[in-house]
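Any read-out appearing in this document is the output of simple, stated calculations on the displayed coordinates, not a laboratory observation. Everything numeric here is computed off the predicted structure, so don't read it as measured data. Heads up, the Cβs are rebuilt from the backbone with ideal geometry, glycines too, and the neighbour counts pull from every protein chain shown.
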Amino acid sequence: MVKDSKPRSGSLAFLPRGRASRLVPRVRYWPLYEGEPKPLGFLGYKAGHLTAYYIDTTPNSPTQGQEVAKVATVIVTPPMLAAGIVAYTEENKSLKELLRVWSSKVPVDLIRRKIPSWRPNEEDLRKLEALRGDITEVRIIGMAFPKQAGLSKKKPDIIEIKVGGDIEKAIDYAVSKLGQEIRISEVFKPGDFIDVIAVTKGKGFEGVVKRWGVKILPRKKRKGRRVVGAIGGRTPEYVPYTVPRPGQLGYHRRTEYNKRILAIEEDGSKLTPKGGFPHFGIIRTTCILLEGTVPGTPKRPIVLRIPARPPPPIEPPQLLYAGIPV
């Protein structure tokens, strides 16, 4: 029997497939969090992949209680500096910035970024106390230093990270952390599920065969083989958005949900393979081992966030060995 039809290739859920606007992605949604105040995210840098051997603790899994070997990603997470605080209030069902407070301990690297709002002022803290009743959300301006992760980049990467918990306690936490370092162990622990937000590997301008999986036409087609046979009818006189077209492939902002942290290692050299990771090198700071893969190339900034769709909690995995680069 000859098959005369097939499902369409390429998902329309990610349209338009345009280039990401920034390399360090902005977090568009912060999940609700109840508990002791803490930052709901962290910024790291992708190093490479390893094969992780651990005891599977997933309930009702065919391999529950057995040793399994899976691919894992090493993400370098040097300490972040709480360079500032941003206070928001709710107006017309959206957030409006009330006040931005910068720390006086911010290094000269921040000035190099030419941020217009940089002005350490002690009066801003007093204004923050006066506006405490109007604040509905508080965020920390986290500053990550790629040079501490082993990268050659000198300018720090900056990201706003929401402080979760009761708003009064969150404000006190943000003020206490202003100008201080924040470590990955203060935000996550082994066994936690997290969401990963990153920019995928860029592939440039590509045709419809590689970009959408269009079937290559027979040899005798005179108008081309790696093209769409028909892009639309005579009426209506336009090309529908569902028709595959050439364009940008890769370098897209993507979110992957519920990646489990297998281990948090203070000494990253213990997870570094012999000779270092390809295109990255040797890890000399704190890092985490994440189950599965993450988007992007080595050295790419990776935003780690508490899960927006948290699965049922399970026991932390018992890591046996991590090695053998994938």
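Which entry is the computed Rg and Dmax of the Cα atoms in Å for this structure: (1) 20.2, 67; (2) 23.5, 79; (3) 19.4, 60?
Derived directly from the coordinates: (2).
If each residue of separation counts as 0.36 nm, what is the full-extension length gain between Lys147 and Arg219 once their alpha-carbon separation is subtracted?
Length gained, Lys147 through Arg219: 20.6 nm.
How many times 2.2 N^0.38 Å is the alpha carbon radius of gyration of the stretch 169-308?
Compared with the compact-globule rule of thumb, the stretch 169-308 sits at 1.59.
Which value, in debye to the nearest 20, describes the size of the charge dipole of the chain about its Cα centre when Lys and Arg Cβ atoms bear +1, Asp and Glu Cβ atoms bear -1, and nothing else is charged?
Dipole of the chain, to the nearest 20 debye: 3060 debye.
I need the calculated FRET efficiency for the pair Lys270 and Arg132, taking r as the beta carbon distance and R₀ as 45 Å, to the nearest 0.05.
The computed FRET efficiency comes out at 0.55.
Can you tell me which lysines have their Cα less than 19 Å from the Cα of Lys270? Leave out same-chain residues fewer than eight positions away.
Output for Lys270: Lys46, Lys70, Lys189, Lys299.
In percent, how large is the relative contact order of the stretch 29-111, given Cα pairs closer than 8 Å and 6 or more residues apart?
22 percent
Using Cβ counts within 10 Å as a stand-in for footprinting exposure, how do Arg132, Arg309 rank, fewest first?
Arg309, Arg132
Quick one: order Arg119, Arg305 by neighbouring beta-carbon count within 10 Å, fewest to most.
Going from sparsest to densest Cβ surroundings: Arg119, Arg305.
Name the lysines eligible as straight-distance cross-link partners of Lys223: C-alpha to C-alpha under 20 Å, and not fewer than 8 places from it in the same chain.
Lys210, Lys215
What ranking, highest mean first, results for peptides 167-175, 155-163, 71-79 when packing means the other Cβ atoms within 10 Å averaged over each residue?
Taking the mean over residues of other Cβ atoms within 10 Å, the ranking is 71-79, 155-163, 167-175.
Sorting check: for 137-144, 13-20, which peptide has the highest mean count of neighbouring beta carbons within 10 Å, and how do the rest follow?
Highest mean packing first, the order is 137-144, 13-20.
Just the C-alpha atoms of the stretch 80-182: what Rg/Rh do they give, with Rh taken as the Kirkwood radius?
Reported Rg/Rh (Cα atoms, Kirkwood Rh): 0.99.
So if each residue of separation counts as 0.36 nm, and I subtract the Cα-Cα distance between Lys70 and Ser94, what length gain in nm does that give?
Full extension of this stretch gives 4.4 nm more.
Once label points are set 7 Å from the Cα along Cα→Cβ at both Asp166 and Asp124, what is their separation, rounded to one decimal in nm?
2.7 nm
Students often check this: by mean Cβ neighbours within 10 Å, which of 262-269, 193-200 ranks highest, and how do the rest follow?
193-200, 262-269
Across the stretch 80-182, how many lysine pairs, 8 or more apart or on two chains, come within less than 15 Å at their alpha-carbon atoms?
7
Under the definition of Cα pairs under 8 Å and six or more residues apart, what whole-number percent is the relative contact order of the chain?
Here the relative contact order equals 30 percent.
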